[in-house]
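Some notes on the structure that comes next.
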Amino acid sequence: MEFDRNNHPHRRYNPLTGEWILVSPHRINRPWQGKREVVVEEQRPPYDPQCYLCPGNLRANGQRNPDYQSTFVFTNDYSALLPEVPAFSGDPDELLRLESLRGTCRVICFSPRHDLTLAEMEVDDILQVVIVWLEQFRELSRTYRWVQIFENKGAMMGCSNPHPHGQIWASSTLPSEPAREDVLQKTYWQQNHSRLLMDYLQRELTLKERVIEEGEHWVALVPFWAVWPFETLLLPRREIRRLSELNRAEQEDLARILKRLLVRYDNLFEVSFPYTMGWHGAPNGEGDYSHWQLHLHFYPPLLRSATVKKFMVGYEMLAEAQRDITPEQAAERLKQVPDVHYKAR
Ligand code: H2U
Ligand code: ZN
């Protein structure tokens, strides 16, 4: 019997994080009698007087949003990070390590329209969001070492408000996840004299097994080492370390490929697709970051339908992450759905 990655259990290595993941493709037909999420695809009004993100409305802290027409950024009223924090000056303890940090948190409303999502917005309006990401990144990068731009979408992901919005958390320290990617990209750079993600992209463009969308400047694919069933990675074709380096043509193409990818996501189960997405690029500060390649991660939780979600529990918490459907099968399914949004058909 010969090894067949479509039928036999195997492990795949994530070169960005150094973690292995267990792939169990033979398991896909197992019955499911567990939890089903309730999908409430309620019709939302374009303006909701109760929404704290809609234009002109009062937020929880009593401040009023302006009557914004495109995007709107404000400092999170419940920021997890604060700009003024005294340095920790206690005695260092090898086993009880602690460090203080400074930071700030912001909320970005993507659109004044309460009823839209990025997937349903026009490309020109998505471009405005891209431009705000760049502006915010530039501004916060002057003060903070790490600027995490992300979107947490859908009630299933714990998002508290359906109004289309994302967040930015900027900190004086480098968080754990990008710190891991920093070390591994640097090691690869030192050993191969090329960028890990540039070499990876070339591999994917040759194989074409996991590529979903190709733009002039961007490529969307399911990574070989994807953990989440329909996880994707968006990569620029050119060497780019940080968001702030994107030229106008790359910003425009980013808006177009985001639209196409998000329409595919929504069409997969004909539901507004939940996910966490976020940007990773070179940290700010002194040093050579030639090993870094900018990228955008999408981590969606849905597994086999609009109501069955993947849980990262059991073996995954105690041993390592596991998936059933292979990344190649996931890419194929995303490629096969129509490219017109189901609500627009
Ligand atoms: P979600 O993406 O989890 O829905 O979070 C929305 C953010 O908006 C959340 O971080 C903030 C919350 O702290 N928020 C405000 O800053 N002001 C408000 O009036 C309500 C919510
Ligand atoms: Zn709203």
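The values are calculated or read from the model by the stated rules, or taken from the named source; none is laboratory data. Just so we're clear, the structure is a prediction, and the values are computed from it rather than from any experiment. A quick note on method: Cβ atoms are made from the backbone with ideal geometry, for glycine too, and the neighbour counts reach across all protein chains shown. Ligands, DNA and RNA are excluded from the accessible area calculation, which covers all protein heavy atoms including side chains. Shrake-Rupley method; radii C 1.70, N 1.55, O 1.52, S 1.80 Å.
Here are a few things to note about the model shown:
- Filter pass, residue 80 being among the aliphatic types (A, V, I, L, M), modelled with pLDDT under 95, within 16 Å of ligand 1 (Cβ to nearest atom) and assigned to a loop (DSSP other than H, G, I, E, B): no
Yes/no per residue for (1) open to solvent by 10 Å² or more (accessible area, probe 1.4 Å); (2) at pLDDT 95 or above:
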{"residue": "267", "(1), (2)": "no, yes"}
{"residue": "277", "(1), (2)": "no, yes"}
{"residue": "280", "(1), (2)": "yes, yes"}
{"residue": "284", "(1), (2)": "yes, yes"}
{"residue": "291", "(1), (2)": "no, yes"}
{"residue": "294", "(1), (2)": "no, yes"}
{"residue": "298", "(1), (2)": "no, yes"}
{"residue": "301", "(1), (2)": "no, no"}
{"residue": "305", "(1), (2)": "yes, no"}
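- In region 162-176, the qualifying residues are those that are within 12 Å of ligand 2 (Cβ to nearest atom) and open to solvent by 10 Å² or more (accessible area, probe 1.4 Å), and the one that is nearest to residue 149 (Cα to Cα) is 165.
- Unique residue being within 13 Å of ligand 2 (Cβ to nearest atom) and at pLDDT below 95 when the list is 44, 59, 27: 44
- Helices (runs of 4 or more DSSP H) wholly inside region 232-345 that include at least 1 residues being closer than 26 Å to residue 5 by Cβ and of a type in the set (Gly, Ala, Ser): 327-336
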